[in-house]
Amino acid sequence: MWRFFLRMCFFFCTFAADLENRNEQRWDLTITPRDRLLAVDWKEIWRYRDMFLLFVARNFRTAYKQTILGPLWFIITPVLSVIVYVTVFGGIAGIPTDGVPPILFYLLGISVWGYFASCLSATSNSFVSNADIFGKVYFPRIIMPLVAVTTNLLSFAIQLAIFAAFYIYYVATGTPMTIHWQIVLFPVFILILAFMSVGFGMIFSSLTTKYRDLQIMLAKIISLWVYITPVIYPLSMVTNEKLHLAMSLNPVTPVMEAIKYSLLGQGQFSWGWLCYSVVFTFILLIFGLMLFNKVQKSFMDTV
């Protein structure tokens, strides 16, 4: 009997101490939606950098998980595309490459365009594809578009290394190649494409929470967009002034031409058109961020 009495006393003492601790507890972190549409808490993003790196590693590992060749597909895919492009567009169609070896011309274009298109596709699915995670764990939602850009940057680096290997081969075999000083701006060119894809992606990601058919429409847009971008042909072969102007208004075109000009010595580099792409990207990014922040407050109710 006395043992039961001691146990009851111990229980009530513990319960009273726990109740007192709860009453004295003060929460120092409250998670609430931000009212400002342009609010980006960079300090908070930095605090979640470990989660960011985990997501990047996860996406990179699972890209070709349970496949026989695994990461080799990062190499096989652009090589097969180059073979098809050289055979069809270079051999059968006879499309010129402005004196640049076709393999280098197509490999550079495919790699750069592939990075932009992959970032755009991945970013546009930020809300829908991660709805399960968003509903269970809190972290800055804007991390997911940044993860998509970083993950595709790793695969782009692999493809760029393949381009560098072919480039060294052609130089070693005596093929004349020209590199302009604008090559130092190459990281800036890639950064413009990354921000542009994030801007477009956040807009589509925000809209697809209600209108899922936009995902299908975006896939069609990307598949057609490549043909109005000088990827498989040089912009110099477009002699019609109106058509040339229309293609230059494509914000990807000035960046693509600048990259070709800096690495291959061919292309139409223009500071004016490049500034146009930068301004377009800046406005697009602001609008995409505003829409993204507005939708993230309540997207779990509609996704």
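Any read-out appearing in this document is the output of simple, stated calculations on the displayed coordinates, not a laboratory observation. The structure presented is a predicted model; accordingly, all values stated were derived computationally and were not measured. All Cβ positions, even for glycine, are placed from backbone atoms using ideal geometry, and neighbour counts span all protein chains on display.
HN-Hα J couplings of segment 185-199 from phi, Karplus 6.51/-1.76/1.60, θ = phi - 60°, integer Hz, Gly and Pro as x?
Coupling constants for segment 185-199: 8, 4, x, 5, 4, 5, 5, 4, 5, 5, 5, 5, 5, 5, x Hz.
I'd like the distance between the alpha-carbon centres of segment 73-90 and segment 220-256, rounded to an integer number of Å.
20
Sort 153-159, 255-261 for me by packing, meaning the mean count of neighbouring Cβ atoms within 10 Å per residue, highest on top.
Most protected by this proxy first, the peptides run 255-261, 153-159.
About the Cα centre of segment 43-301, what is the dipole size in debye to 20, counting +1 per Lys and Arg Cβ and -1 per Asp and Glu Cβ, all else neutral? Walk me through the intermediate numbers first.
Working: 15 positive and 8 negative charges, 158 e Å.
So the dipole magnitude of segment 43-301 works out to roughly 760 debye.
Which order do peptides 212-221, 225-234, 195-204, 169-178 fall in by mean Cβ count within 10 Å, highest first?
Per-residue Cβ counts within 10 Å, averaged per peptide and sorted highest first, yield 195-204, 225-234, 212-221, 169-178.
Counting Lys +1, Arg +1, Asp -1, Glu -1, what net charge surrounds residue 108 among other residues with beta carbon under 13 Å of its beta carbon?
-1
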